[in-house]
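A.B. asks: Next up is a structure, given as C-alpha cells.
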Amino acid sequence: IIKNSDLPKGEIQLPAVRAMRRKRRIATNIVYKWKSRLNLGGHKMIAGKHYDQTYAPTLSWATIRLFLILSIVHGWHTRQLDFVLAYPQADIPRPTYMDLPVGLKYKDSNGQIIDPNTHCLHVKKNLYGGKDSGRTWFQHLRQRLITPIADGGLGFEQSEHDECVFYRRTTVLLVYTDDCIVFDTQSQDNIDTLLQQMKKLFDVEDEGDLNDYLGIQISREDNGEISLTQPQLITSILIDLGLLDEHGNELPQKPNIQETPMNSTNALGPDVGGEPFEYEWNYRGVIGKLNFLEKSTRPDISAATNTCARFMQAPTKKHGEAVKRIGRYLLGTRDKGIYLKPNKRRGFECYVDADFCGGWDKDIAMDQPDTAKSRYGYIVKVYNAPIYWSSRLQTIIALSTAESEYIGLSNAARYLLGTIYLMEEINAKFHPLKAKPTIKCTIFEDNNSALEIAKVPKMRPRTRHINVQYHHFRNEVASGRMAVERIDTTNQEADMLTKSLNQDTLQKLRNMVMGW
C-alpha cells in the first residue's frame, strides 16, 4: 500500500473490480464451487503504457478431439489438471497501481485505518481483468514448461503447429488457459511423476480422468469409445427460448418437437418488410450459445445456426421462428452429442460439399445480391471420427456448381494442411505408433467438374476466371499428400452442412458423422 502522492509521475490508479461466479457440474447442474475474485479494471488500461500485446493462444476443440481419438486408438492414458488462480501465479510485467478494494479495511503500522481515497495498491502479481493478463500467464507457463529439467523447468518442447501443445518423451500436455489435459503413451505413473514436478513450480490440482472439460461432458464407455455432450448448455438455450421452465423442467404444454433443425422446403433468407421481432428472448444471445454448441458437439445444427446468425443485426419474426425451430429440434435430442468411435481401417479423410445459390431469391435479388452466394461445408475425420467441421457462406458469387464446389474444396484444403503438419509432428514424436496414421488426406467430393479442376490444371473458358488463390492445393495433390476422390452424393457426409434436409437423409448422415 502506498500513498497516492507517491505515485510516479504520469501513473494512474486502475479500478478494483469484484467478480462473483458459481461453477456447476455439467451432468447434474449442481453448484460445487462459489468464487469471488478481485480483478484489475482493465478497461482503464492504456496501450503502450500498461501493456503492448494482448494475444494469448487458445487450444481448439479440433486439437482436443484429435488427441482423444488417438488416445482411444492407441490406448493412451489421460488426466485432467487445473491451475488454481492461474493468472496471479505470474508476476505482472509492468508497474501497475490499483484502488483499494471496496469493503476492505486496511491499517497502517500504527494501527490506524488507511483512507482508501488517499492510498492505493502497488500490484505485484498478474491479476485477472487486465488486457494482457492472459498473455502474461501463458508466457509464464510456457517458459517454465520449455525450460530444461536441469535448469529447474519441466523439459517440454512446444509444438511448431499448435502453440498450446507441448511434448515430453511419452507425454503430451494440452493447455487451455488454466485447464490442461495430459496424455501419456505408456502409463499413469508418468503422469503422476509429471504432476509432482509441476506442483513444485505451480499451484495445480489433479482433477482425475477426463469428465467435465470447458463446459463439455466427456464420458468414456466400457468399450473405450468417448461421447462429448453439452446438456447444460442445451438446457440453457431451451430456457432462453421458453421451451423449458426456468428450472429446466418440461412445460405443462409440451412444445412441438422438430425432427430437423431447418425447414426442408423453404430456405431462410432476408425478410424484407417482414413482421418485427417481438419475442422476449434475446436473438443475439441465443445465437451466441448456438454457435458455441455447434462448434463443440453438434455439427447437425451448423447450417441452421450459421444461416440464422446472418440476420442478427435486424431479425424479424420469421428469423425468430427459425431459431425456435432449432430449439425444438434440440429439445428432442438434448442428451445427444458426438460419439467418437474410431475405426483403425480408416485413415485421414475430409468430406466437402457446396450448395450452389441455395438461398437465391429472384424477388429481392436486386437489393440483396448475397442471396446468390453459395454455402459450402466440410468435415475432417481421423479414423472415421470427426475432429473438425465448418459451414460457411462463400465470400464471392460462384458462376456455376463446379466453381462453388471447387471453392469449397480449396477452403477445406487450407484447414487440412495445418492438420496434416500437426499429425506428421505427432507421428514423429511418438514413432512408431501402434497403428501409424496415414498422413495423406483423402478429400471426398461429389462433383466431377470440381474434381477435374483439382486434378488436371487445364485452362478452360468457363473456369479460367477462378482466382489463383483457390488453386493453392494443387501442388499437394500432385505430390500425393492429398488425394481427391469422388463419392456418391447419397454418402456425402458434408451435405448436412450446406442445406436443409428431410428427416431420413439427416438421420442417415447424422449417424455417419455423429454416431447416433
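The values are calculated or read from the model by the stated rules, or taken from the named source; none is laboratory data. Note that the structure is predicted; figures quoted are calculated from it, not measured. Virtual Cβ from ideal backbone geometry, glycine too; neighbours counted across all protein chains shown. With ligands, DNA and RNA removed, areas are computed over all heavy atoms of the protein, side chains included. Shrake-Rupley method; radii C 1.70, N 1.55, O 1.52, S 1.80 Å.
A.B. asks: What number, in percent, do you get for the relative contact order of region 148-250 if the mean sequence gap of Cα pairs under 8 Å and at least 6 apart is divided by its residue count?
C.D. replies: RCO, region 148-250: 10 percent.
A.B. asks: Residue farthest toward the positive end of the dipole of the chain, with Cβ of Lys/Arg at +1 and Asp/Glu at -1: which of T235, P116, I407?
C.D. replies: It is P116.
A.B. asks: When the helix-only estimate is applied to the chain (DSSP H runs of n ≥ 4, each -39,500 (n - 2.57), divided by the residue count), what is the mean residue ellipticity at 222 nm, nearest 500 deg cm²/dmol?
C.D. replies: -8500 deg cm²/dmol
A.B. asks: Relative contact order for region 202-260 using alpha-carbon pairs under 8 Å, separation at least 6, rounded to a whole percent?
C.D. replies: Contact order relative to length: 16 percent.
A.B. asks: At 0.36 nm per residue, and after removing the present C-alpha to C-alpha distance, how many nm does the segment from E246 to R18 gain when stretched out fully?
C.D. replies: Net length gain for the segment: 79.4 nm.
A.B. asks: Compare the peptides 151-164, 376-389 by average per-residue count of other Cβ atoms within 10 angstrom and give them in order, highest first.
C.D. replies: Top of the packing list down: 376-389, 151-164.
A.B. asks: May I ask you to give the average projected area over all directions of the convex hull of the Cα atoms of the chain, in nm² rounded to one decimal?
C.D. replies: On the way: hull surface 122.4 nm².
Its Cα hull, projected and averaged over all orientations, spans 30.6 nm².
A.B. asks: A further question on this structure: Over the Cα atoms, compute the radius of gyration (one decimal) and Dmax (the largest Cα-Cα distance, rounded to a whole number) for region 87-153, in Å.
C.D. replies: 16.5, 49
A.B. asks: Related question: Could you pull out every whole DSSP H run in the chain that spans at least 18 Å of Cα extent along its own axis and averages -1.0 or higher on the Kyte-Doolittle scale?
C.D. replies: Once both thresholds are applied, what remains is 61-74, 133-146, 283-296, 317-331, 401-429.
A.B. asks: Would you mind getting me the FRET efficiency between K318 and A150? Use the beta-carbon distance for r and R0 = 51 Å, nearest 0.05.
C.D. replies: Efficiency, rounded to the nearest 0.05: 0.20.
A.B. asks: Against the empirical 2.2 N^0.38 Å scaling, what ratio does the C-alpha Rg of region 47-131 come to?
C.D. replies: Ratio of Rg to 2.2 N^0.38 Å for region 47-131: 1.77.
A.B. asks: 5 Å is the cut-off here: which amide hydrogens, built 1.01 Å from N in the peptide plane, fall below it relative to Y176, excluding neighbours closer than 5 in sequence?
C.D. replies: Excluding prolines and chain starts, which carry no amide H, the hits are I181.
A.B. asks: Give me the accessible area per residue for region 476-516, probe 1.4 Å, as a whole number in Å².
C.D. replies: With all protein chains present, region 476-516 gives 43 Å² per residue.
A.B. asks: Sticking with this structure for a sec: What ranking, highest mean first, results for peptides 404-414, 493-503 when packing means the other Cβ atoms within 10 Å averaged over each residue?
C.D. replies: Put in order of decreasing packing, that is 404-414, 493-503.
A.B. asks: Binned at 10 Å from 0, what are the whole-percent values of the Cα-Cα distance distribution for region 255-359, short to long?
C.D. replies: 13, 41, 31, 11, 3, 0
A.B. asks: Once the cut-off is 11 Å, how many percent of the Cα-Cα pairs in region 14-62 end up in the long-distance tail?
C.D. replies: The answer is 78 percent, as a whole percent.
A.B. asks: Something else now. What FRET efficiency comes out for the pair H74/H161, r = Cβ-Cβ distance, R0 = 25 Å, nearest 0.05?
C.D. replies: Values: r = 19 Å, r/R0 = 0.78.
With R0 = 25 Å, the Cβ-Cβ based efficiency is 0.80.
A.B. asks: Would you please give the FRET efficiency between N29 and D203, computed as 1/(1 + (r/R0)^6) with r the Cβ-Cβ distance and R0 = 30 Å, to the nearest 0.05? Mind dumping the intermediate values first?
C.D. replies: Values: r = 28 Å, r/R0 = 0.93.
Calculated value: 0.60.
A.B. asks: Follow-up question, since we're still on this one. So what J values fall out for region 9-17 if you push phi through Karplus, 6.51 cos²θ - 1.76 cosθ + 1.60 with θ = phi - 60°, rounded to Hz, Gly and Pro as x?
C.D. replies: Result, rounded to whole Hz: 4, x, 7, 10, 8, 8, x, 9, 10.
A.B. asks: Using packing as a proxy for protection, rank 34-45, 130-141, 98-109 so that the peptide with the highest average count of other Cβ atoms within 10 Å comes first. All intermediate terms of the calculation are to be shown ahead of the outcome.
C.D. replies: Numbers: 34-45: 15.1, 130-141: 21.4, 98-109: 12.3.
So the peptides 34-45, 130-141, 98-109, ranked by packing, come out 130-141, 34-45, 98-109.
A.B. asks: Also: Given an 8 Å cut-off on Cα distances and at least 6 residues of separation, report the relative contact order of the chain as a percent.
C.D. replies: 13
A.B. asks: Using the crude model of +1 on Lys and Arg Cβ and -1 on Asp and Glu Cβ, and no other charge, please compute the dipole size for the chain relative to its Cα centre, in debye to 20.
C.D. replies: Dipole about the Cα centre, nearest 20: 620 debye.
A.B. asks: Could you tell me what fraction of 2.2 N^0.38 Å the Cα radius of gyration of region 193-265 comes to, as a two-decimal ratio?
C.D. replies: Values: Rg = 19.5 Å, N = 73, 2.2 N^0.38 = 11.2 Å.
Against the empirical 2.2 N^0.38 Å value, I get 1.74 for region 193-265.
A.B. asks: Roughly to the nearest percent, how much of the accessible area of region 127-246 is carbon and sulfur, given a 1.4 Å probe?
C.D. replies: Values: 1980 of 5060 Å².
C and S fraction of accessible area: 39 percent.
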